[in-house]
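First comes the structure, then the notes that go with it.
The values are calculated or read from the model by the stated rules, or taken from the named source; none is laboratory data. Everything numeric in this text was worked out from a predicted model, so none of it was measured. Counting neighbours? That spans all protein chains shown, and the Cβs are built from the backbone with ideal geometry, glycine included.
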Amino acid sequence: MTKLLYITARPHDEQASYSLAVGKVFKEAYIKAHPEDEVIHLDLYEADVPYIDNDVFSGWGKLASGTEFDQLTAEEKRKVGKLGALVEQFVEADKYVFVTPLWNLSFPPVLKAYIDAVSVVGKTFKYTEQGPVGLLGGRKVLHIQARGGIYSYGPSAEIEMGDRYLKAITKFYGVEDYQGIYIEGIALAPEKADAIKAEGIKQAQELAQTF
Ligand SMILES: Cc1cc2nc3c(=O)[nH]c(=O)nc-3n(C[C@H](O)[C@H](O)[C@H](O)COP(=O)(O)O)c2cc1C
C-alpha cells in the first residue's frame with residue numbers, strides 16, 4: 001500500500017495560514033483521488049521532536065558501546081526512542097508532502113529538528129567509497145510553502161533558503177522527484193491575497209490527481 005506522509009510545520013490554524021489551507025485542500029483531494037493509499041498526518045508542532053542534545057549524544061554513545069536500551073536514563077530513552085520512531089516512520093513512506101510558512105528566509109525550526117531526526121546513516125543515506133548515497137530513490141516530495149514576498153523569480157530568488165534546503169536534503173536522501181506549490185507575494189500585495197490563495201488551491205487540486 002502506498003503511504004503518503006503529510007508533514008506540517010506551522011502551528012495549527014487553517015483559517016489564518018495560507019500554507020495549511022492549501023495543504024488541507026491537497027490532502028483532501030489526494031485522499032479522494034487515491035482512496036487506497038494510506039495518508040498519515042505528522043504535525044511537527046504536536047510531535048515533540050527532540051533536539052539532538054547531550055541526552056541524545058550520551059544515549060547514542062552508550063548504545064554504541066553495548067549498553068542495553070533499557071539501561072539508559074529516562075530522558076535518554078525518551079529522546080533516543082522518539083528519534084528512532086520518527087526515522088522509521090519516515091523511511092516507511094513512499095511520498096512526502098511538507099507544508100511550511102517562509103520564516104526569515106527559511107522554514108520554522110521544528111522542521112530542522114525533524115530533518116536532524118531523519119537524516120540517519122543506514123536509513124536515509126549511506127556512505128560509500130564514492131561518497132554519500134541516498135537510500136530513498138523512487139520517492140517523491142511536494143513542498144507547499146506560503147511566502148510574504150516573491151522568491152520564485154526576481155531579486156529575492158537567491159536568498160530563499162527553506163525550499164532550496166528541503167530540495168537539497170531530500171536529494172541527498174536520493175529523491176529526484178521534487179515539486180513545489182508556492183503561495184507567494186501575500187504581504188507585497190494584500191489586495192491580491194484571495195487571488196493568490198485561489199491559485200494555490202487550484203494547483204493543489206490539480207497536483208493531487210497525479211502526485
Ligand atoms: C516569524 C515570521 C517570519 C517571516 N519571514 C518572512 C520572510 O523572511 N520572507 C517573507 O517573504 N515572508 C516572511 N514572513 C511572512 C510569511 O511568510 C507569510 O505570512 C506566509 O503567509 C506565512 O505562511 P502561513 O500563511 O502559512 O502562516 C514571515 C512571517 C513570520 C510570522
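Against the condition of a type in the set (A, V, I, L, M, F, W, C), farther than 27 Å from Lys79 by Cα and under 17 Å from the mean Cα position of the chain (by Cα), how does Ile196 come out, does it pass?
Here the answer is no, as Ile196 does not meet what is asked.
Could you look through the stretch 1-40, keep only residues that are within 16 Å of the ligand (Cβ to nearest atom), in a loop (DSSP other than H, G, I, E, B) and in contact with a strand residue (DSSP E or B) (Cβ under 8 Å, 6 or more places away or on another chain), and pick out the one that is farthest from Lys112 (Cα to Cα)?
Ser17
Please state which one of Ala198, Ala187 is near the ligand (Cβ under 10 Å from one of its atoms), of a type outside the set (Val, Ile, Thr) and free of Cβ contacts under 8 Å to residues at least 40 places away in the same chain. Can you show your working first?
Numbers: Ala198 fails: near the ligand (Cβ under 10 Å from one of its atoms).
Testing whether each residue is near the ligand (Cβ under 10 Å from one of its atoms), of a type outside the set (Val, Ile, Thr) and free of Cβ contacts under 8 Å to residues at least 40 places away in the same chain leaves just Ala187.
When you go through (1) under 22 Å from the mean Cα position of the chain (by Cα); (2) in a loop (DSSP other than H, G, I, E, B) one by one for Thr170, which number turns out not to apply?
That leaves (2) as the condition not met.
Show the residue pairs that are 6+ apart or on different chains and have beta-carbon atoms under 7 Å apart, the first residue being within the stretch 76-98 and over 16 Å from Leu5 (Cα atoms) and modelled with pLDDT of 95 or more, the second being of a type outside the set (A, V, I, L, M, F, W, C) and not in a loop (DSSP other than H, G, I, E, B).
Pairs found: Glu76/Asp55; Glu76/Ser58; Glu76/Gly59; Lys79/Asp55; Lys79/Gly59; Val80/Gly59.
Please verify whether the stretch 47-58 includes one or more residues that are within 16 Å of the ligand (Cβ to nearest atom), under 14 Å from the mean Cα position of the chain (by Cα), part of a loop (DSSP other than H, G, I, E, B) and aliphatic (A, V, I, L, M).
Residues of the stretch 47-58 within 16 Å of the ligand (Cβ to nearest atom): none.
No.
Filter the stretch 127-165 down to the residues that are within 13 Å of the ligand (Cβ to nearest atom), out of contact with any helix residue (DSSP H, G or I) (no Cβ under 6 Å at 6 or more places or on another chain) and in a strand (DSSP E or B) and list them by number.
Hit for the stretch 127-165 is Arg147, nothing else.
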